[in-house]
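Presented below is the structure to which this report refers.
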Amino acid sequence: MMLVVQDLSTGYGHIRALHGLNVQVAREEIVAIIGPNGAGKSTLLNTLSGLVRASAGEARFEAHDITNLPAHAIVRLGISQVPERRQVFGSMSVRDNLLLGAYHRIRRDRRSAIDQDLARVAEIFPLLNDRLGQPAETLSGGMQQMLAIGRGLMARPKLLLLDEPSLGLAPLLVQEIFRVIADLRRQGTTILLVEQNARAALRVADRGYVLEGGRIALAGTTSELLLDEGVQRAYLGRRNGSAGKPAAGPDRASPAASP
């Protein structure tokens, strides 16, 4: 396993947000975390990336104990987070936003390596290539999401943490984002995906966890979760007796993106 989270608890002051979570992510796997608003999904990613301190338990990434390491040290180990609602630097150019993703590599890597990664991001998101000089705030929401993912990739992560990448996007853009997510895994990037769009997340992932009230309520392969009646009722908009089996199993090549 690339990432092993064991008995992880996190709180904000006296309020406990996560309660003894156990999560595992294997190399070159996509693992989805689904659940209602306020379940602790973003808190989990923020704890893993060093933005929120764990109060108990541990998280191990490869051979490293990353529990409560500072965020910059976690990025250097190979974990990069794409935050919820994109959080691009609006007054800075698209190019400068991308370069910020490689800030920890500037002194270590040759400029040619960073330029190579810029070219890779432009290949993944061609719409950004013609807008490198534009302020990020002038981009549409969909292109800002592409920029946020591209910025995360500029760190050359082994593990990419994606927090609600489809939030606020039109259906066609959701399809494009999930196509890119599937392609990134095929190229060797391991992904932990937090997503409100349970259908799209489970169709692109290998395994999933249902997080409710800061606890793991259910875990399994995506096929198992898609067939689970509780998941169907709560997250896929299906009623008892009306769903049956899905017409097809998880389609990782072209994930559906119906809300």
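Please treat every number below as a calculation from the coordinates, not as lab data. For clarity, every value in this text was computed on a predicted model and none was experimentally measured. Here the Cβ is made from the backbone with ideal geometry for all residues, glycine too, and neighbour counts use every protein chain on show.
Across the options LEU159, LEU147, LEU173, the greatest Cα extent toward the positive end of the charge dipole of the stretch 110-186 (unit charges at beta carbon of Lys, Arg, Asp, Glu) belongs to LEU159.
Here the dipole of the chain is about 220 debye; that uses its Cα centre as origin and unit charges on the Cβ of Lys and Arg (positive) and Asp and Glu (negative). The order of the peptides 69-81, 22-34 by mean Cβ neighbours within 10 Å, most packed first, is 22-34, 69-81. Extension gain for GLN6-ASN37 works out to 8.9 nm (0.36 nm per residue, less the C-alpha to C-alpha distance). Rounded to the nearest 0.05, the FRET efficiency derived from the C-beta distance between GLU212 and ALA119 at R0 = 41 Å is 0.45. For the chain, modelled as a GNM whose springs connect Cα atoms under 10 angstrom apart, the maximal fluctuation among SER166, SER112, SER93 occurs at SER112. Annotation: the residues LYS158, LYS41, sorted from fewest to most other C-beta atoms within 10 Å of their own C-beta, follow the order LYS158, LYS41.
Model label points for SER55 and THR138, set 7 angstrom from Cα along the Cα-to-Cβ axis, are 4.7 nm apart. Among 219-226, 135-142, 146-153, sorting by the average number of other beta carbon atoms lying within 10 angstrom of each residue, highest first, gives 146-153, 219-226, 135-142. Taking the Cα centroid of the stretch 1-72 and of the stretch 86-148, what is the distance between the two, rounded to the nearest whole Å? Each part reduced to its Cα centre gives a spacing of 27 Å.
Relative contact order for the chain: what is it in percent, counting Cα pairs under 8 Å that are at least 6 residues apart? Normalised by residue count, the contact order of the chain is 25 percent.
Rounded to the nearest 20, the size of the Cβ-charge dipole of the stretch 86-156 about its Cα centre is 340 debye, with Lys and Arg at +1 and Asp and Glu at -1.
The listed peptides 187-195, 209-217, ordered by packing as a protection proxy, come out as 187-195, 209-217 (highest mean of other Cβ atoms within 10 Å first). Our summary gives the stretch 86-156 a relative contact order of 57 percent, counting only alpha carbon pairs under 8 angstrom and 6 or more residues apart. From a point 7 Å beyond the Cα of ARG76 in the direction of its Cβ, which residues of the stretch 104-129 have a backbone N at a distance under 19 Å? The answer is 104-111, 114, whose backbone nitrogens lie closer than 19 Å to the label point. Listed from fewest to most Cβ neighbours within 10 Å, the set ASP228, ASP130, ASP163, ASP206 follows the order ASP130, ASP228, ASP206, ASP163. Relative to the current alpha-carbon distance between LEU167 and ALA63, full extension at 0.36 nm per residue lengthens the span by 34.1 nm. When the chain is described by a simple charge dipole with +1 on each Lys and Arg Cβ and -1 on each Asp and Glu Cβ, the residue from ALA54, PHE125, GLN232 located farthest towards its positive end is PHE125. On the basis of the beta-carbon distance and an R0 of 25 Å, SER223 and ASP183 show a calculated FRET efficiency of 0.70.
Working from label points 7 Å from Cα in the Cα-to-Cβ sense, the ILE15 to ARG95 distance is 4.3 nm.
In the Gaussian network model of the chain, springs joining C-alpha atoms below 10 Å, which of ALA170, ALA17, ALA155 carries the largest mean-square fluctuation? Between ALA170, ALA17, ALA155, it is ALA170 that shows the largest mean-square fluctuation.
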